[in-house]
Amino acid sequence: RKEVEQDPGPFNVPEGATVAFNCTYSNSASQSFFWYRQDCRKEPKLLMSVYSSGNEDGRFTAQLNRASQYISLLIRDSKLSDSATYLCVVNPTGGSYIPTFGRGTSLIVHP
Amino acid sequence: DAGVIQSPRHEVTEMGQEVTLRCKPISGHDYLFWYRQTMMRGLELLIYFNNNVPIDDSGMPEDRFSAKMPNASFSTLKIQPSEPRDSAVYFCASSLSGLSYNEQFFGPGTRLTVL
């Protein structure tokens, strides 16, 4: 099993739709989790951190489920500008600074 | 702040040639990472430095790859000799020490094509 797995998509949704991605991780000792966004031919940029209690930022909500070892990203009221690849990032152990990136999930929002 | 700076942005070279990629991290950041991204393998961590010292280079594919960080504001990734399978986008990223929750800031990347 890969350390961090994501459905590559693409998820093709209309404007205004709600869409959710999951990311599973294999190391139960993982301590920190993030979602990054990568636009086509650009560098990844931090979208949001994922806390145990969940995290909401406007239309974006991130959740952590430690029991089932996955994190999720929910996007409400999708905009055309949300079209991008969303990368899940997991730090395998609390003291080690070796982040593991998922392959990413591609989102296409159409008019 | 200028962000992480990488050069060159694009590099086209022939198999067997030496390639040197350069990175200037954000001032004050003490962690520096080199990644490689391809469609097949996604984003892979090659090596990272803390306070200019290489901490983990287990992701470096083979001896043809080497990385240095002579000071806090400059790092290089060298491929010698280059091969077509090295074609990829190479990203440099930096971050502050402390909690592992710290954000990584990526440079714009170097798109390498080896013919």
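The values are calculated or read from the model by the stated rules, or taken from the named source; none is laboratory data. On a predicted model such as this, the values are computed, not experimentally measured, just so you know. We place every Cβ from the backbone using ideal geometry, glycine too, and count neighbours over all the protein chains shown.
With a requirement of 2 or more residues that are modelled with pLDDT under 95, of a type in the set (Ser, Thr, Tyr) and under 30 Å from A:TYR51 (Cβ atoms), the strands (runs of 3 or more DSSP E) lying completely within chain B that satisfy it span B:88-95. Within the stretch A:36-45, does at least one residue satisfy the condition of being of a type in the set (D, E, K, R) and surrounded by 21 or more Cβ atoms within 10 Å (Cβ to Cβ)? Yes, because at least one residue in the stretch A:36-45 is of a type in the set (D, E, K, R) and surrounded by 21 or more Cβ atoms within 10 Å (Cβ to Cβ). Check whether at least one residue in the stretch A:33-54 is farther than 16 Å from B:LEU43 by Cβ, outside any loop (DSSP other than H, G, I, E, B) and more than 14 Å from every other protein chain (Cβ to nearest Cβ), and report yes or no. No: the stretch A:33-54 contains no residue that is farther than 16 Å from B:LEU43 by Cβ, outside any loop (DSSP other than H, G, I, E, B) and more than 14 Å from every other protein chain (Cβ to nearest Cβ). The test for being modelled with pLDDT of 95 or more and away from every other protein chain (no Cβ under 14 Å) holds for A:ARG76.
Residue by residue, here is whether (1) among the small types (Gly, Ala, Ser); (2) touching a Gly at 6+ places or on another chain (Cβ under 6 Å) holds:
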residue: A:GLU5; (1), (2): no, no
residue: A:ASN12; (1), (2): no, no
residue: A:GLU15; (1), (2): no, no
residue: A:SER30; (1), (2): yes, no
residue: A:ASN55; (1), (2): no, no
residue: A:CYS88; (1), (2): no, yes
residue: A:ASN91; (1), (2): no, no
residue: A:ILE98; (1), (2): no, no
residue: A:GLY102; (1), (2): yes, no
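Of the residues making up the stretch A:34-59, those that are out of contact with any helix residue (DSSP H, G or I) (no Cβ under 9 Å at 6 or more places or on another chain) and farther than 24 Å from B:ARG36 by Cα number 9.
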